Amino acid sequence: MEETQDSIETLLVTIIQKHGGTELYKKENAHKLSGLLKDYAGFYFQDELRLLTRIIPDGFQEILFKANEGSLEEKKGAVTECKMRLVDVSFLSQEKAEEAANIFAAGLEWKLEEGAQKSKEFGDFSDLFGTSGSEFSDIFDSIFGKKASDISASTKPEGIVVGKNSDFHTLGEAVTAAKNGDSIKVLPGLYIEPEDSPLTEISKKITITGCKENIADKAFSELPVIVLSSKKSCKITADVTIEGIVFTSDKDISFKTLNDFITNPPEWNFNTTWSNYEQIDGQNFRSLLWVESYAFLKNIALLRDPNYGITFSAGKAELSDSIIAQCSLNGIYCVNKEVEAYINNCKICHCNYGIYGSNCEKLNVNNSEIYKNLQDGFYVHLIGGDCNNCAIHDNGGHGFNMYNGSYHLSECCIFNNASSGISCKDSDSNLEIVNCKVYGHNSTYDMYGDVCGYQGIDIFGLGVGSGKVKVLSCEVYDNSAEGIFVGNFASSLIENCSVHNNKGEGIHICGAGKKSVTNCTIFNNQKGGVDANAGIHGGANYKELYEIKNCNIYGNGE
């Protein structure tokens, strides 16, 4: 029976009537409702140990298994501890908590005393749910898509396994066979998906797990590697969790470890062929993974693709502890207003753009390294979000490049990029840069071969705009042009910064808007400490709006 809204509401109503009424709908009681659902589900898994341990609240499994080989007294003590935690966690009564703890113990086949409580059947729970056993059995079947009485017979203890000696030899086959709520284990090996693989879409709420350890340090032979078609994306259109898997479209890939791969990357052809690809806003492209829903992606690698590594085009998703390398276009591409993407503790390298975000709700990047990409390390357009504690370096364009939007950079090290460290050319942008180090942008030639220099922070601002800029508590040094350049913004504040040893001026301010340079230390810059000229639009004089105060300026050139 398929899941229906009515059946879910029936289940919730029975629980809510029993435990608190409409109070459970309040946000602050969400954990209580969640705990009740978890505990009630437990009564239907008491004879299936594998499923039983999944639904025991956090910490219970360790308590029970620790006492499993112990004495009768130790077992009784574990049951008592579980009972008390049930009372605390799920708000069950003492009586019901003891009943549940005893059933958990029965799942481990403990005999605590003569005539100990037996496992209950559906019909025994009318007092708990306010409905008959047969009625609740129907509700259960409709929600979980299977009969509770058939769980033991229909589910193998190890779940769905992909491997050379297993029932499934490709991930696509396993995904096709899986049902909502299933888990798929992928054993180490190289799995080449055919061109017509059903893995072009994952539309079920499933979990796919490969290596549980950090894949960056594992030998290639010990990793599950999925080779996808280079013509179609693997779309994720349901709430999916993927952990410990390597995805690539190059079946000839080989390396000792992923760390070896990104430290000494093999040669790779960045040519792109535009054919048979999906479209967003009329633009042709594909990517290894294409996320259109909630997805939790952890400890994965996306390697060697002739287009994009991963595309977020809808939904809310998290990518963490992962590596994206050698993708011909963007390593990470975020597009469309419906997107919220959270990138944590990732390495993005040797792609065209490292991260490219355009016109989406939120893009947050934390504790990540973005380096050695052919163009900008991180580009944002019409986007909001934060970038915290990241290293952005040795990219072929700007380190961080922004064109309109509202963004916050903090605790970042941005260095040795071929163009400016931080660049923003649109004067309607709002940009805040806090406690960052920006240095080493010493290129003397631009992409056209012209002799030039690059600023550490270049907030030029084309036109007379409404944007605001703050540069706070930053250190900007050793750049081939100005340390900080700020042009046409409604207001600009440079405060508590150390700006030194740049080959142009330390700070150059000009153009429209109020400018304030306060409490800064500016020294040893070759062409002067602070240059504040009158303006660049129609001869207008904005200098009366400029303020320089409480600064320590010394050792600079003329």
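Around the amide H of Ile383, modelled in the peptide plane, lie the amide H atoms of Asn359, Gly405, Ser406, all under 5 Å away and 5 or more residues distant in sequence or on another chain. In order along the stretch 177-188, the Karplus-derived 3J(HN,Hα) couplings, from 6.51 cos²θ - 1.76 cosθ + 1.60 at θ = phi - 60°, round to 7, 6, 10, 3, x, 6, 10, 10, 9, 10, 7, x Hz, and Gly and Pro are given as x. Accessible area per residue for the stretch 293-388, computed on protein heavy atoms with a 1.4 Å probe, is 26 Å². Couplings 3J(HN,Hα) for the stretch 205-216, derived from phi with the Karplus relation 6.51 cos²θ - 1.76 cosθ + 1.60 (θ = phi - 60°), are 7, 10, 10, 10, 10, x, 7, 7, 8, 5, 5, 4 Hz, where x marks Gly and Pro. For Val365, the amide hydrogen comes within under 5 Å of the amide hydrogens of Ile343, Asp386, Cys387, Asn388, counting only partners 5 or more places away or on other chains and with H modelled in the peptide plane.
First measure r as the distance between the Cβ atoms of Asn259 and Ser516, then evaluate 1/(1 + (r/R0)^6) with R0 = 35 Å and state the FRET efficiency to the nearest 0.05. Approximately 0.15, to the nearest 0.05. Less than 5 angstrom separates the built amide H of Val434 from those of Leu409, Ser410, Glu411, Leu472, all sequence-distant by 5 or more or on a different chain. The length gained on full extension between Thr241 and Asp196, counted as 0.36 nm times the residue separation minus their Cα-Cα distance, comes to 13.9 nm. The heavy atoms of Thr263 present about 90 square angstrom of accessible area, all protein chains included, probe 1.4 Å. Rolling a 1.4 Å probe over the protein heavy atoms leaves Cys510 with an accessible area of roughly 0 Å².
Beyond a 22 Å Cα-Cα separation, which of these cross-linked pairs lie in this structure: Lys347/Lys425; Lys298/Lys362; Lys164/Lys235; Lys75/Lys185; Lys347/Lys503; Lys527/Lys549?
The answer is Lys347/Lys425; Lys164/Lys235; Lys75/Lys185; Lys347/Lys503.
The values are calculated or read from the model by the stated rules, or taken from the named source; none is laboratory data. Bear in mind that the values here come from a model prediction, so they are computed numbers and not experimental data. Don't worry about glycine lacking a Cβ; one is built from the backbone with ideal geometry, like all the others, and counts go over all protein chains shown. These area figures cover heavy atoms from the full protein model, side chains too; ligands, DNA and RNA do not enter into them. Shrake-Rupley method; radii C 1.70, N 1.55, O 1.52, S 1.80 Å.
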